[in-house]
Amino acid sequence: MTRAGAGIKSARALKGHFDYISRGGILPLLDREGMHLQGRPALEEMAKDWASADAADSRRRPNAVLARPLIVTAPPGSPPRAVFSAAYGFAAAHDGLRHDFVLALHTDRPHPHAHIVFRALGDDGVRLIWNPPDLEMNRRRFAQALRDQGLEVDASSRLSRGLVGRNPPQRYWRALEQYWEGHAPPPRAFERTRREALDLAEGRKTPDGREIAVVRTQARVREAFERLAADLDRSPETDDRALAQGLRRFVNDMPAPVTDRVRMARDIRQRARDQNLSRERERSR
């Protein structure tokens, strides 16, 4: 998986991001030349260098992006060294050909992942911009880099895996993590979803077009896989018919097409039922 973060527009924000991905200067960052940068002074100096070069660009527009962060993630249990090599190779072979970058590997979660920060201003003066097709290509390129390291991965889309809706950006998950740890208020998007879920759970609202849309979307995906399985069933090849069975198992195992607010509303109702049951048991003693 690859996920692009919001563009970084100031030296201060860039310094803060370097501080975050280096865990306060503890983790080393690898740059485009293969050199390790460690410690806050070195990272502050790099942030200043990038900002100075950006400010000197005569074609720079007001409020231009200074750097673009990208997160690349491998499956759980992937060897960290292989993930690190894949991430560096992916970065150096593509956008890193024209743009400075630094990379940090995080292994504190089941999914080893690397944070890559590209300087927006390229060696040729062209600024790095990622459109949706570029981000899709990044996913496929990183998947190939992982396969080159001997890992079995594929760059399938969320939709083809039966997942509905968009995955929130990395800044949302970081803010949510800080909220759960008691260091910050909840993200506005999370608070909005929670309010809507409470309204659904208490009957003040009913599911609307969003819920209908995700059900219909996944139904189209299921139908496409079923048609493919039917075509494979008609093949004289044993492997094709076995693949058809695998496709049907995959379709059966797809997660239910449920939005976050409906899922949260179900959890709220379940907790209310559990609390009522607990109170009834207490009264009956």
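Below is a table of values for the structure above.
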quantity	calculated
Which label in [x] 34, 24, 19; [y] 39, 29, 19; [z] 52, 21, 17 gives the computed semi-axes √(5λ) of the Cα gyration tensor in Å	[y]
For Asn276, net neighbour charge (Lys/Arg +1, Asp/Glu -1) across residues whose Cβ lies under 12 Å away	+3
Radius ratio Rg over Rh of the range 1-107, counting only Cα atoms, Kirkwood formula for Rh	0.97
Gain upon complete extension [Asp233, Ala256; 0.36 nm per residue less C-alpha separation]	5.7 nm
Solvent-accessible area per residue for the chain (1.4 angstrom probe, square angstrom)	60
Simple Cβ-charge dipole of the chain, Lys/Arg +1 and Asp/Glu -1, about Cα centre, in debye nearest 20	1260
Highest-MSF residue in the chain out of Tyr179, Tyr88, Tyr20 [GNM, Cα springs under 10 Å]	Tyr179
CD proxy at 222 nm, helix term only [per DSSP H run n ≥ 4: -39500 (n - 2.57); per residue of the chain; nearest 500]	-17500 deg cm²/dmol
Degrees between helix 209-233 axis and first principal axis of the chain (Cα, 0 to 90, nearest 10)	90
Pair Asn63, Ala92: separation of 7 Å Cα→Cβ label points (nm)	3.8
Arg171 paired with Glu226, simple spin-label distance in nm, labels 7 Å along Cα-to-beta-carbon	4.2
Sites Asp148 and Leu243, calculated FRET efficiency, Cβ-Cβ separation with R0 30 Å, nearest 0.05	0.75
Extension gain from Ala56 to Arg263, taking 0.36 nm per residue of separation minus the Cα-Cα distance	69.5 nm
Efficiency of FRET from Cβ geometry, Arg81 and Ala213, R₀ 41 Å, rounded to 0.05	0.45
Spacing of the two label points (7 Å from each Cα toward its C-beta) at Asp124 and Arg279, in nm	6.9
Note, ³J(HN,Hα) from phi for the range 15-30, Karplus 6.51, -1.76, 1.60, rounded to Hz, x at Gly and Pro	4, x, 5, 4, 5, 5, 6, 8, 6, x, x, 7, 7, x, 10, 9
Accessible surface of the chain [probe 1.4 Å, protein heavy atoms]: carbon and sulfur percent	52
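The values are calculated or read from the model by the stated rules, or taken from the named source; none is laboratory data. Because the structure is a prediction, the values reported are computed rather than measured. Counting neighbours? That spans all protein chains shown, and the Cβs are built from the backbone with ideal geometry, glycine included. Heads up: the accessible areas ignore ligands, DNA and RNA and are worked out on the full protein's heavy atoms, side chains in. Shrake-Rupley method; radii C 1.70, N 1.55, O 1.52, S 1.80 Å.
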